[in-house]
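Report on one structure; see the data block that follows.
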Protein chains: 2
Amino acid sequence: MLLDTETHANGSSEESLSRAERRDIQIKRILEAAKTCFVRSGFQGASMHQICAEVGMSPGALYRYFPSKEAIIAAIAEADRKHDAEMFALIEQAPSIFEGIIACAMAHIRHTHLDGNAAMFTEIRAESMRNELVRDTCLQCMMDVENDFRVHLERAIEAGEIDPVVPLESLLGILMSIGEGIAINDLPSRNITFDEIETALRVSLGALLRPRDNAIATRT
Amino acid sequence: MLLDTETHANGSSEESLSRAERRDIQIKRILEAAKTCFVRSGFQGASMHQICAEVGMSPGALYRYFPSKEAIIAAIAEADRKHDAEMFALIEQAPSIFEGIIACAMAHIRHTHLDGNAAMFTEIRAESMRNELVRDTCLQCMMDVENDFRVHLERAIEAGEIDPVVPLESLLGILMSIGEGIAINDLPSRNITFDEIETALRVSLGALLRPRDNAIATRT
DNA sequence: TCTCAAAGAGCGAACGTTCATTCTCAAATT
DNA sequence: AATTTGAGAATGAACGTTCGCTCTTTGAGA
């Protein structure tokens, strides 16, 4: 019986992958391992050797996939912020702008609560204060999200659906800040329930936005 | 003409300082220079040689004042958090708990807006996720502040001065998070005025706390 | 008031280590 | 045969820290 070269074999778990597919898998493995290391030691604190050890790969091999440590950092920062941006697209599907904002905020908070996401998030923010590449990535994503929000908020204001207590631009900044503050502090890890957070958000954002029909609180 | 040894001379600008005083001055200079470097490059990114260059001091000299780089980081983190804690003592002097909280939050936001304070703050937070010394310092200060707040809030709740929509512990976490979120995002640098921020805070925290007499907004 | 040993402050070269990255070469895949 | 993938030793730079040294300040005894 001749063993097929895996190119056109089948049945087993990891065969018949094209070069490009194998490459993608390796890249994903590297990014995942790097994230683990970065959460543990920070961008500057984690060494390439540690990342190599975590992937189970030699430096020579790793450098075939990423040209530098900074490239890995940039890739991670970009992936993380892209994920955030996609999450904020939730606002599209909501029945009202108020519900949309609450949904976005809660999704963000739930996601940041997972794994080392709060630490990674904090690290990215800190790095963005000095690393130009990371800063640009963050700024770009933030702008995308804010632009999205701006359009929706503007439309809702004109339609009389909400009547915010501060001008649009200030409102944008404040909404983002509140969401981010609760997210990075990872309140659920301090035994504050998602329900309580949602209640607080509904009440405070409700007061800020003043939606027409006052269906704000889920409970008193 | 004999030049006086500065010990008992006078008239010039920097004379007749005791050893201890000179030492304190040098320590302050080092901390200041280190802060500049840390804001520029992060805790891990800034090297001792860079700090030496910034102070205008050799490594040998610098190590007479601090036994290690981590000791400098710890000193900076502690000073920063202590300053925050002192600021939060503003709550004592306010006419009501609501006004006290608003005053604390605004003071915090104003302070974070100065110099590189937002960057430093972010860096300290990131470092506290992995450096035990920094974590303990942060936790200790946060606990001090929260304990202070807890006492006041509890008293105000029992007196019927406020009627928060969420339980005390959750309220504490949420208030802190909102303040911190606005602070580290440094909204004033994005042309959002202090007045607008204060209005937003009054409205949203007002809705959260529900103070008895509804004198919340400074303006509509 | 003067002298002098002790202590403190500062310098800058040098230490051993670790870093990100590169090089050379072998194995595997096409 | 040609190309891709991988290993792992090697590279030079940079790191935090220490060392041996000089110069200055200090304070007690003469």
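The values are calculated or read from the model by the stated rules, or taken from the named source; none is laboratory data. Since this is a predicted model, take the numbers as computed values, not measurements. Using ideal geometry, Cβ is built from the backbone for each residue, glycine included, and neighbour counts are taken over all protein chains shown.
Is it fair to say A:Gly56 is within 13 Å of DNA strand C (Cβ to nearest atom) and either in contact with a Ser or Thr (Cβ under 7 Å, 6 or more places away or on another chain) or not assigned by TED's automatic domain parsing to the domain that holds A:Glu132 (or both)?
For A:Gly56, the condition - within 13 Å of DNA strand C (Cβ to nearest atom) and either in contact with a Ser or Thr (Cβ under 7 Å, 6 or more places away or on another chain) or not assigned by TED's automatic domain parsing to the domain that holds A:Glu132 (or both) - is not met.
Of everything in segment A:31-51, what is away from every other protein chain (no Cβ under 11 Å), farther than 22 Å from A:Arg135 by Cβ and of a type in the set (D, E, K, R)? Give them in sequence order.
Within segment A:31-51, A:Glu32 is the sole residue that qualifies.
Restricting attention to segment A:114-147, which residues are closer than 24 Å to A:Ile101 by Cα, within 11 Å of chain B (Cβ to nearest Cβ) and acidic (Asp, Glu)?
If the condition is that a residue be closer than 24 Å to A:Ile101 by Cα, within 11 Å of chain B (Cβ to nearest Cβ) and acidic (Asp, Glu), then A:Glu146 is the only one that fits.
Does any residue in segment A:59-83 that is in contact (Cβ under 8 Å) with a residue 60 or more places away in the chain come within less than 6 Å, Cβ to Cβ, of a residue that is assigned to a loop (DSSP other than H, G, I, E, B) six or more places away or on a different chain, and which pairs are these?
Here the result reads A:Ile73/A:Phe43, each pair linking segment A:59-83 to a residue that is assigned to a loop (DSSP other than H, G, I, E, B).
Results for (1) within 16 Å of B:Met106 (Cα to Cα); (2) surrounded by fewer than 22 Cβ atoms within 10 Å (Cβ to Cβ); (3) outside the structural domain of B:His108 (by TED's automatic domain parsing); (4) not hydroxyl-bearing (Ser, Thr, Tyr), shown as yes or no for each residue.
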| position | (1), (2), (3), (4) |
| --- | --- |
| B:Glu154 | no, yes, no, yes |
| B:Val165 | no, yes, no, yes |
| B:Ile184 | yes, no, no, yes |
| B:Pro188 | yes, yes, no, yes |
| B:Ser204 | yes, no, no, no |
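Of the residues A:Ile102, A:Ile72, A:Ile91, which is modelled with pLDDT under 95 and β-branched (Val, Ile, Thr)?
Going through A:Ile102, A:Ile72, A:Ile91 in turn, the sole match is A:Ile91.
Which residue is farthest from A:Ile101 (Cα to Cα), if the candidates are limited to segment A:177-189 and must be in a helix (DSSP H, G or I) and at the interface with chain B (Cβ under 7 Å from one of its Cβ atoms)?
My answer is A:Leu187.
Look through segment B:59-79, keep the residues that are buried (at least 19 other Cβ atoms within 10 Å of the Cβ) and within 14 Å of another protein chain (Cβ to nearest Cβ), and return whichever of them is farthest from DNA strand C (Cβ to nearest atom).
So, considering only residues that are buried (at least 19 other Cβ atoms within 10 Å of the Cβ) and within 14 Å of another protein chain (Cβ to nearest Cβ), the one farthest from DNA strand C (Cβ to nearest atom) is B:Ala77.
Say we look at segment B:21-52 and pick out the residues that are small (Gly, Ala, Ser) and more than 10 Å from DNA strand D (Cβ to nearest atom); which of these is farthest from B:Cys141 (Cα to Cα)?
The residue in question is B:Ala33.
When you go through (1) within 28 Å of A:Phe43 (Cβ to Cβ); (2) more than 7 Å from chain A (Cβ to nearest Cβ); (3) of a type in the set (Gly, Ala, Ser); (4) buried (at least 17 other Cβ atoms within 10 Å of the Cβ) one by one for B:Gly173, which number turns out not to apply?
With (1) within 28 Å of A:Phe43 (Cβ to Cβ); (2) more than 7 Å from chain A (Cβ to nearest Cβ); (3) of a type in the set (Gly, Ala, Ser); (4) buried (at least 17 other Cβ atoms within 10 Å of the Cβ) applied to B:Gly173, the lone miss is (2).
Exactly one of (1) closer than 18 Å to B:Ser96 by Cα; (2) facing chain A (nearest Cβ under 7 Å) is unmet by B:Glu154. Its number?
Only one criterion is unmet by B:Glu154, namely (2).
Out of (1) outside any helix (DSSP H, G or I); (2) out of contact with any Gly (no Cβ under 8 Å at 6 or more places or on another chain); (3) crowded, with 21+ Cβ neighbours inside 10 Å, the odd one out for B:Ile192 is which?
(2)
Can you say whether A:Arg40 is more than 11 Å from DNA strand C (Cβ to nearest atom), within 20 Å of A:Glu123 (Cβ to Cβ) and either free of Cβ contacts under 8 Å to residues at least 40 places away in the same chain or assigned to a helix (DSSP H, G or I) (or both), as far as the supplied structure shows?
When the stated conditions are applied, A:Arg40 passes them.
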